[in-house]
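For reference, the structure discussed in these notes is given below.
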Amino acid sequence: MAVLVTGGLGYIGSHTCVELMNTGTEIVVVDNLYNCKKSSYDRIKALTGKDFKFYECDIRDAEGLSKIFENENIGSVIHFAGLKAVGESVQKPLEYFDNNVNGTLVLLDVMRKHGCKKIVFSSSATVYGMNNVSPLTENMEVGGVTNPYGRTKYMIECILKDLYVSDNEWSICLLRYFNPIGAHKSGTMGEDPNGIPNNLMPYITQVAIGKRECLTVHGNDYDTPDGTGVRDYIHVVDLALGHLKAVGKVEGENGLFIYNLGTGIGYSVLDVVKAFEKASGKEIPYVIGPRRSGDLATCYSNAEKALNELGWKAERGIDEMCEDSWRWQSQNPDGYPD
Ligand code: NAD
Ligand code: UFG
């Protein structure tokens, strides 16, 4: 049986495909190439030395998805496909709800029709909203999200919980990611954002490579040790390995499972800048700007549940995250080739 990976050519998906194939798992990938390059497919194959089926298909295309389920022997699904830019979601809420929520509904319906009831879903720490205090634990009330992107994640979590209540033959794992950074050790796979990066690490690496002049730190008057925002950065390969455990969980038993995937450690923006400078030997000029609307002061996980129940723990520290991000950026100044 194969694992269907939606959004499998994107940043987290591609790293997860490599780890799945490295353990001999058969995969089938579906991606509409909206936010990735086809060359990511070639890089995954080159890294693993193995081939796999790739379907260029939108998850909202029920007919296209059905054909994949008819052609392939799909046992479970890892569902990464989605739009993820917080700011853009404020400008384009309908597109975000359509792509993320409607896309998931179409996928779930096709899965049900083909008797496949095992899914691992890419959720986000954003579902904890503005009111919970870090370290965040899975039993905290979720909601209180401040932007359409976050609401799509919250809504999909609600849909999946309701689905499980309606039919407990489903096995569903909600993975709440904290802040994925880093890249594959080889330097051949990494994060390749379009346009001006919104997220901290790709912005820093583009300053380091000379594409951007200087980093703007969004506020230094938060109630944190140095005044800048604190986040739980996690190496993308650790995150990918968490998915292998989650697939094992849904394949092993029915249920609705929720896990944080984070390190449990918070670093400030300036901590990351310093760690990156050390890893790359490059100076990162920065200016302090105003706070970015919607940002929390502090957001980090309690990562114990995933350790206790999945036997998963993030192993790679901030220095390694920075070294690997830099290797990817310096070897691929323009990201993936067209
Ligand atoms: P990404 O944009 O690199 O990957 C997503 C992939 O899904 C892309 O390759 C894109 O082309 C594809 N896709 C989007 N809409 C699709 C559709 N309708 N049909 C088929 N394919 C589609 O993003 P990522 O960073 O790898 O994130 C993967 C998932 O994890 C997303 O759901 C994202 O919301 C979630 N997540 C990401 C972060 C993060 O910081 N990167 C944090 C929390 C959660
Ligand atoms: N930051 C800067 N300058 C920048 C970019 C970011 O100072 O140019 C700061 C932010 O203010 C924040 C920290 O760096 O304090 C991290 O910001 P990111 O944009 O990298 O990440 P966020 O924590 O804001 O958001 C991420 C994902 C979202 C997800 C959220 C919660 O991008 O998709 O984590 O899981 F919703």
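Rule-based calculations on the coordinates, nothing more; no lab input. This is a predicted model, so every value here is computed, not measured. Here the Cβ is made from the backbone with ideal geometry for all residues, glycine too, and neighbour counts use every protein chain on show.
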>> Strictly over 24 Å apart at the Cα level, which of LYS161/LYS245; LYS92/LYS161; LYS117/LYS313; LYS118/LYS153; LYS185/LYS245 would you flag in this model?
In response: LYS92/LYS161; LYS117/LYS313
> For the residues HIS235, HIS114, what sequence is obtained by ranking on other C-beta atoms within 10 Å, fewest first?
Replying inline: HIS114, HIS235
> In what order do TYR41, TYR336, TYR149 fall by count of nearby beta-carbon atoms within 10 Å, going from fewest to most?
Replying inline: TYR336, TYR41, TYR149
> Rounded, prolate or oblate: which fits region 275-338, taking a ≥ b ≥ c as square roots of the Cα gyration tensor eigenvalues, rounded meaning a/c under 1.5, else prolate when a/b beats b/c?
Replying inline: oblate
> At each listed q (0.09, 0.12, 0.15 Å⁻¹), what is the log10 of I(q)/I(0) that the Debye formula gives for the chain modelled as equal alpha-carbon point scatterers?
Replying inline: -0.45, -0.82, -1.34
>> With θ taken as phi - 60° and the coefficients 6.51, -1.76 and 1.60, list the Karplus ³J(HN,Hα) couplings across region 147-160 in order, rounded to whole Hz; mark glycine and proline as x.
In response: 8, x, 4, x, 5, 4, 5, 4, 5, 5, 4, 4, 4, 5
> Is region 221-338 best put as rounded, prolate or oblate by its Cα gyration tensor, with a ≥ b ≥ c the root eigenvalues, rounded for a/c under 1.5, and otherwise prolate when a/b is larger than b/c, oblate when not?
Replying inline: oblate
>> Suppose we keep just the DSSP beta bridges with both residues in the chain; what percent of those would be antiparallel, to 5?
In response: 5
>> Once you order the gyration tensor axes a ≥ b ≥ c over the Cα atoms, which shape class does region 118-206 get: rounded for a/c under 1.5, otherwise prolate or oblate by comparing a/b with b/c?
In response: prolate
